[in-house]
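Participant: Handing you this structure, nothing more for now.
The values are calculated or read from the model by the stated rules, or taken from the named source; none is laboratory data. Worth saying up front: this structure is predicted, and the values here are computed from it rather than measured. Here the Cβ positions follow ideal geometry from the backbone for every residue, glycine too, while neighbour counts run over all protein chains shown.
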C-alpha cells in the first residue's frame with residue numbers, strides 16, 4: 001500500500017491512498033485539528049475521476065470542520081473517500097487496506113460511515129485501526145448515525161417553519177424531500193408523523209415506490225423536485241444542488257436538509273436570500289450524525305442524554321443564526337460562518 005502526500009491549500013494534510021492488491025484508490029483529507037482530532041465519515045462512490053474524488057474530499061472535510069464546531073464538539077474536520085461502486089467493488093480486503101491507511105494517521109483522523117458504508121463495514125475497518133466509530137457493537141458503539149441526523153434535520157425544519165410560517169406545526173405543510181437514503185427515509189417518517197405532506201424523489205425507483213406505499217408520498221422526477229409547489233425543500237442527497245439553475249425554479253419558502261455542501265457557491269446563498277427563501281445552513285442542520293458518532297470517539301458513558309443535550313444546543317444555535325440573519329437582513333450562511341470561525345478562534349487562542 002502507498003500513502004502519498006497531496007498538496008492542498010487550507011488543509012493540514014491530504015493523503016492519496018492506493019493498494020493495488022485490493023484495488024483501493026482513495027483520499028484522506030484532514031482540514032483542521034484546531035478543536036481536536038479530525039473526524040468525518042468515509043464514503044465510497046464511482047467518481048468519474050480522481051480529481052472529482054479529491055475535490056469531494058476537500059469540500060467535505062472543510063464542511064466537517066464547520067459542522068463539528070457548530071455542534072460544540074472537541075473535534076476537527078476530516079473526510080475520506082474511496083473510488084468505486086460499493087455494490088460491486090467493496091470487499092473486506094479493500095476495507096482492511098483503508099483501515100491501515102487510517103491507522104497510519106496516528107489518531108489525527110477518525111473515520112465513520114457515510115455514503116456507501118455501513119456499521120458492518122466499520123467493523124471490518126476496526127480490524128486494522130483503532131480510529132473508527134459508527135460500530136454496530138462494542139463498549140461505546142454508536143451504530144448507524146442516520147436516525148440522529150434525521151432528528152436534527154427535523155428540528156431544523158421546524159425551526160425554519162417558525163420563522164417563515166409563524167409556527168413549528170408541520171401539519172398540512174408540503175415538504176419536498178430529495179433523496180431517500182438512510183437519512184432521507186428516517187426524516188420522511190418523522191415528517192409524516194408530524195402531519196406533513198411528502199413529495200419525494202430518488203435515483204432508486206424502488207425507494208420511491210416504497211415511500212409512496214408506506215408514507216403516502218407523492219413521487220416526482222429527479223429534476224422536477226425543484227419546481228414542485230411546496231413549503232419547504234429538504235435536500236438529502238448530493239451536494240451542490242442549490243445553484244444558478246435550480247434556485248430560480250424553487251417555489252418553497254425555506255430549505256433545511258441533510259445533504260452536505262448544498263450551496264454550489266457562496267453566491268448562491270445570496271441568491272436564496274434575494275428570493276426570500278430561508279436557508280438553514282447545512283452543516284448546522286445535519287449535525288446530529290456527528291454528535292452521535294462523537295459519543296463513541298469521546299467514550300461518553302451516558303450517550304443518550306448527551307446526544308439529546310447536544311441536539312438541543314444545536315437547535316438553539318440554529319435559532320440564534322436565523323434570528324441574527326433576520327435582524328441583519330443577510331443570508332444565514334454568512335452568520336453561521338462567522339459563528340463557526342469565532343468558535344475555532346476562541347479555542348485556538
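Participant: What residue, among those in region 25-69 that are surrounded by fewer than 24 Cβ atoms within 10 Å (Cβ to Cβ) and in contact with a helix residue (DSSP H, G or I) (Cβ under 6 Å, 6 or more places away or on another chain), is modelled with the highest pLDDT?
Facilitator: So, considering only residues that are surrounded by fewer than 24 Cβ atoms within 10 Å (Cβ to Cβ) and in contact with a helix residue (DSSP H, G or I) (Cβ under 6 Å, 6 or more places away or on another chain), the one modelled with the highest pLDDT is 47.
Participant: Return the residues of region 237-265 that are in a loop (DSSP other than H, G, I, E, B) and within 20 Å of residue 68 (Cβ to Cβ); say none if nothing qualifies.
Facilitator: 239, 256, 257, 258, 259, 260, 261, 262
Participant: Kindly state which helices (runs of 4 or more DSSP H) lie completely within region 81-198 and contain at least 3 residues that are touching a residue at least 60 places away in the same chain (Cβ under 8 Å) and within 30 Å of residue 281 (Cα to Cα).
Facilitator: Output list reads 146-165, 182-193.
Participant: Of (1) under 17 Å from residue 38 (Cα atoms); (2) surrounded by fewer than 19 Cβ atoms within 10 Å (Cβ to Cβ); (3) touching a strand residue (DSSP E or B) at 6+ places or on another chain (Cβ under 7 Å), residue 109 satisfies all except one. Which?
Facilitator: Checking residue 109 against (1) under 17 Å from residue 38 (Cα atoms); (2) surrounded by fewer than 19 Cβ atoms within 10 Å (Cβ to Cβ); (3) touching a strand residue (DSSP E or B) at 6+ places or on another chain (Cβ under 7 Å), the one that fails is (2).
Participant: From the list 280, 264, pick out the single residue that is more than 28 Å from residue 143 (Cα to Cα) and in contact with a strand residue (DSSP E or B) (Cβ under 8 Å, 6 or more places away or on another chain).
Facilitator: That would be 264, the only listed residue that is more than 28 Å from residue 143 (Cα to Cα) and in contact with a strand residue (DSSP E or B) (Cβ under 8 Å, 6 or more places away or on another chain).
Participant: Scan region 181-188 and tell me whether some residue there is surrounded by fewer than 20 Cβ atoms within 10 Å (Cβ to Cβ), out of contact with any strand residue (DSSP E or B) (no Cβ under 7 Å at 6 or more places or on another chain) and within 26 Å of residue 296 (Cα to Cα).
Facilitator: Looking through region 181-188, at least one residue is surrounded by fewer than 20 Cβ atoms within 10 Å (Cβ to Cβ), out of contact with any strand residue (DSSP E or B) (no Cβ under 7 Å at 6 or more places or on another chain) and within 26 Å of residue 296 (Cα to Cα).
Participant: Any chance you could count how many residues in region 266-294 are part of a helix (DSSP H, G or I) and within 17 Å of the chain's Cα centre (by Cα)?
Facilitator: Count: 11.
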